[in-house]
1. Apply the Karplus curve 6.51 cos²θ - 1.76 cosθ + 1.60, θ = phi - 60°, to the phi angles in the range A:55-60 and return the couplings in whole Hz, x for Gly and Pro.
2. Check which residues have an amide H placed less than 5 Å from A:Ser85's amide H, if you skip close sequence neighbours.
3. I need the phi-derived Karplus couplings for the range B:79-92: 6.51 cos²θ - 1.76 cosθ + 1.60, θ = phi - 60°, integer Hz, Gly and Pro marked x.
4. Are there any residues in the range A:26-71 with a reduction of at least 20 Å² in accessible surface when going from the isolated chain to the assembly of protein chains? Probe 1.4 Å, please list them by number.
5. Probe of 1.4 angstrom, ligands and nucleic acids ignored: what's the accessible area per residue over the range A:1-80, in square angstrom?
6. Out of residues 5 or more away from B:Thr115 or on other chains, whose amide H comes under 5 Å of its own, with H placed 1.01 Å from N in the peptide plane?
7. Over chain A, what relative contact order in percent results from Cα pairs under 8 Å that are six or more residues apart?
8. Which entries in the list A:Lys54/B:Lys27; A:Lys100/B:Lys27; A:Lys38/B:Lys44; A:Lys38/B:Lys51; A:Lys68/A:Lys100 go over 26 Å, if you measure between the two C-alpha atoms of each?
Amino acid sequence: DQQVKQNSPSLSVQEGRISILNCDYTNSMFDYFLWYKKYPAEGPTFLISISSIKDKNEDGRFTVFLNKSAKHLSLHIVPSQPGDSAVYFCAASVASGTYKYIFGTGTRLKVLA
Amino acid sequence: NAGVMQNPRHLVRRRGQEARLRCSPMKGHSHVYWYRQLPEEGLKFMVYLQKENIIDESGMPKERFSAEFPKEGPSILRIQQVVRGDSAAYFCASSLPSGRQTGNTIYFGEGSWLTVV
């Protein structure tokens, strides 16, 4: 049972435009969400988080939106840069629980120069 | 380097041998997590440990796999009698103790790539 889903395995965006990466979850108990970026042969790098008490969190070029009723979150990257080309993972947990994060399968973003 | 340290980065084992992967958490972190990434797949949770205590091992295969986080020293993920299907990238992550307000974020190491031949 895939509790966290990233239905788009890949995405191509022109440099300077907006990249929107989507993530859906099924467990209504999830209340803390993270986004990671991963380059080949490296570990995931933390990008941005959001708690369920918020519907938006912004950090520089990265903004995460949370729609609890739809059990959906998205990561917006504006403007997109070639260095953003990587695999992006969303992760969810029950913050009051064991901190076990469930990851999506990832979306490969390619930013075209 | 105050990040999560994993070693070895690459490990080759023959079928039937044992693999030991080590992880030192970030300074001040007392929680360690192990994740596995099979080729072309996402990150799968394996186990969550605190010092001398396994909190959640629901993602660990029932046989051949074990993990520990002793009072002193790094966390160890041990795979006995490895098979080809164990070939994967194993990532360790660490976090602050539960209940802290400074984010519930886990930080990953660079990974250990196990190849079973």
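The values are calculated or read from the model by the stated rules, or taken from the named source; none is laboratory data. Computed from a predicted model, the values in this text were never measured in an experiment. Because the Cβ atoms are built from the backbone with ideal geometry, glycine has one as well, and the counts that use them run over all protein chains shown. Protein only, heavy atoms only, side chains kept; ligands, DNA and RNA dropped before computing areas. Shrake-Rupley method; radii C 1.70, N 1.55, O 1.52, S 1.80 Å.
1. With coefficients 6.51, -1.76 and 1.60, one gets 10, 7, 9, 10, 8, x Hz.
2. Distant-sequence amide H within range of A:Ser85: A:Val111.
3. Here the 3J(HN,Hα) series is 10, 8, 6, 4, 10, 4, x, 7, 4, 5, 9, 10, 10, 9 Hz.
4. Those are A:Tyr32, A:Tyr36, A:Lys38, A:Ala41, A:Glu42, A:Gly43, A:Pro44, A:Phe46, which lose 20 Å² or more relative to the chain on its own.
5. That works out to 52 Å² per residue.
6. B:Leu11, B:Val12, B:Arg13
7. Reported as a whole number, the value is 37 percent.
8. On the way: A:Lys54/B:Lys27 29 Å; A:Lys100/B:Lys27 20 Å; A:Lys38/B:Lys44 15 Å; A:Lys38/B:Lys51 28 Å; A:Lys68/A:Lys100 20 Å.
Those over the limit are A:Lys54/B:Lys27; A:Lys38/B:Lys51.
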